[in-house]
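Shown next, in structure tokens, is the structure this report addresses.
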Amino acid sequence: SRLVVLVSGSGTNLQALLDAIDAHPGGAEGFGAEVVAVGADRANIAGLERAEKAGIPTFVCPVKDYGSREEWDAALTEATDAHAPDLVVSAGFMKIVGKNFIDRFGGRFVNTHPALLPAFPGAHGVRDALAYGAKVTGCTVHFVDSGVDTGPIIAQGVVEIRDGEDEAALHERIKEVERQLLVDVVGRLARHGYRIEGRKVTIQ
Ligand code: GRF
């Protein structure tokens, strides 16, 4: 499968995918997927540097460069489509895509979120779980639908919250689980194919 990965920040989830593909005895063929491009909503982020270091084409679509959110969504859709992805992976992409993108890639667009959806959706899932006093949190890999973090869940990983832990420390411990979960899920989706029926995801 051809993967396009969307990032907005450090790109450690992207790096986990790249490392897993490189480490696979059969390479991209064996893993079942290759990252053919990396897209971002902003320049000068580590995620783009990681792609460049790996010799992977990148594209940047800053919202402020477009006359409207809808025009940005259309541009992001075209920039992504130019790489003919089989699967699009949002790995720390911090923008909500619009109708153009979902119409084009819905059903083959996964996101990773640092909380146990449906708990704590949105841009501050780690902070919200901590503030709520939750005892466990974790991460969720799901298909993206037209809502915010509401699509069918593929897999989840649980992380205990430690007393007095701050957001950064908790987020780093979540990311250790999240990176493994994302690599496992993307590899299985790519190698075995899958079906989505309502909220149920079946990986063949
Ligand atoms: C991940 O925890 C992702 O779930 C969240 O932001 C983080 C991105 O981390 N949306 P990285 O850019 O992959 O290091």
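The values are calculated or read from the model by the stated rules, or taken from the named source; none is laboratory data. None of these values were measured; they are calculated from a predicted model. For neighbour counting, all protein chains shown are included, and Cβ atoms are generated from backbone atoms with ideal geometry for every residue, glycine included. For accessibility, only protein heavy atoms count, side chains too; no ligands or nucleic acids. Shrake-Rupley method; radii C 1.70, N 1.55, O 1.52, S 1.80 Å.
Structural remarks
- Added length on full extension, which subtracts the Cα-Cα distance from 0.36 nm per residue, Asp166 to Gln204: 9.7 nm
- Net dipole in debye of segment 51-103 [+1 Lys, Arg Cβ; -1 Asp, Glu Cβ; about Cα centre; nearest 20]: 260 debye
- Calculated FRET value between Tyr66 and Met94, using beta carbons and R₀ = 22 Å, to 0.05: 0.85
- Looking at segment 86-204, the pairs of alpha carbons with a distance over 27 Å make up 16% of the total.
- Trypsin sites (Lys or Arg not before Pro), loop per DSSP, at most 11 other Cβ atoms within 10 Å - longest free stretch of the chain: 1-134
- Charged side chains reduced to their Cβ positions (Lys and Arg at +1, Asp and Glu at -1) give the chain a dipole of some 360 debye around its Cα centre.
- Where the chain is the region considered: accessible area per residue in Å², 1.4 Å probe: 47 Å²
- Options Pro85, Ala74, Gly55, ranked by Cα towards positive dipole end of segment 53-93, top entry (Cβ charges): Gly55
- Accessible-area rank, largest first, for Asp163, Asp41, Asp149: Asp163, Asp149, Asp41, with all protein chains present and a 1.4 angstrom probe.
- Inter-site label distance for His24 and Ala43 at 7 Å from Cα along Cβ, in nm: 3.3 nm
- GluC sites (Glu not before Pro) within segment 101-175, DSSP loop, no more than 15 other Cβ atoms inside 10 Å: Glu165
- Between Asp103 and Glu78, the modelled labels are 1.4 nm apart [label points 7 Å from Cα along Cα→Cβ].
- Efficiency of FRET between Glu52 and Asp86 - r from beta-carbon atoms, R0 35 angstrom, step 0.05: 0.95
- Pairwise alpha-carbon distances in the chain exceed 25 Å for 34% of all pairs.
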